[in-house]
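The values are calculated or read from the model by the stated rules, or taken from the named source; none is laboratory data. Here the structure is a predicted model, which means the values were calculated and not measured. So basically every Cβ, Gly included, is an ideal-geometry build from the backbone, and we count neighbours across all protein chains shown.
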Amino acid sequence: MAERINAEKVQIKEWAEENLTLLKLINAPEMMEHLGGPESEEQIIARHKRYLAIGGRGTGRMFSIVLLPGLEVVGSVGYWDSVWQDESVYEIGWSVLPAFQGRGLATAAVAEAIVIASKEHKHSSIHAFPSISNPASNAVCRKLNFSLIRECEFEYPPGNRMNCNDWSLEIT
């Protein structure tokens, strides 16, 4: 098992122009296995532009996950406005590059993003929808005290149906 990283060595930073490189790394087949497969170059560029713009629109925030002290970029985390079961909520998602998985980085980064989202006082809950076949992402939800609501069918990316767990966390 990989060495656990102290949460204090994990930082999230506002999404920036240079994070296009990270997005291309995250687009690898093994990283997109639970998310409908890799996207085209055009789709990655469009996603990057959405990530750059989301904070300015007030509809969520995207971050890179940075490992201290070397400032190594190891993944992404973000939350955005969504409507689920007729309720306005935040949806949250994350990715950690394979070389850094299993060390607690996703848990630390997601926890930090939740703190930021809760300070906005916009929605009362935040939901995560990891694939039922993604034990690592489901474990992050358990560790952060999300409540497992139900198994559900979720569309991501558009046109791709997947079986997910609906995890919810009250943030107000």
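Things worth noting here:
- The lone criterion from (1) in contact with a Leu (Cβ under 8 Å, 6 or more places away or on another chain); (2) at pLDDT below 95 left unmet by Phe146 is number (2).
- Leading residue by the ranking (nearest to Ser168 (Cα to Cα)) among those in region 45-93 that are surrounded by fewer than 17 Cβ atoms within 10 Å (Cβ to Cβ) and among the hydroxyl-bearing types (Ser, Thr, Tyr): Ser88
- Exclusive hit being at pLDDT 95 or above and in a helix (DSSP H, G or I), set Ala117, Ala136: Ala117
Residue-wise test of (1) of a type in the set (Ser, Thr, Tyr); (2) at pLDDT 90 or above.
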position: Lys24; (1), (2): no, no
position: Met32; (1), (2): no, no
position: Arg47; (1), (2): no, no
position: Tyr51; (1), (2): yes, yes
position: Met62; (1), (2): no, yes
position: Val89; (1), (2): no, yes
position: Ile92; (1), (2): no, yes
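- Residues of region 31-43 include none that is within 14 Å of the chain's Cα centre (by Cα) and farther than 18 Å from Ala136 by Cβ.
- Residues located in region 79-110, provided they are assigned to a helix (DSSP H, G or I) and either free of Cβ contacts under 8 Å to residues at least 24 places away in the same chain or among the small types (Gly, Ala, Ser) (or both): Ala99, Ala106, Ala108, Ala109
- In region 100-139, the residues that are in contact with a strand residue (DSSP E or B) (Cβ under 8 Å, 6 or more places away or on another chain), farther than 9 Å from Ile171 by Cβ and of a type in the set (Ser, Thr, Tyr): Ser131, Ser133, Ser137
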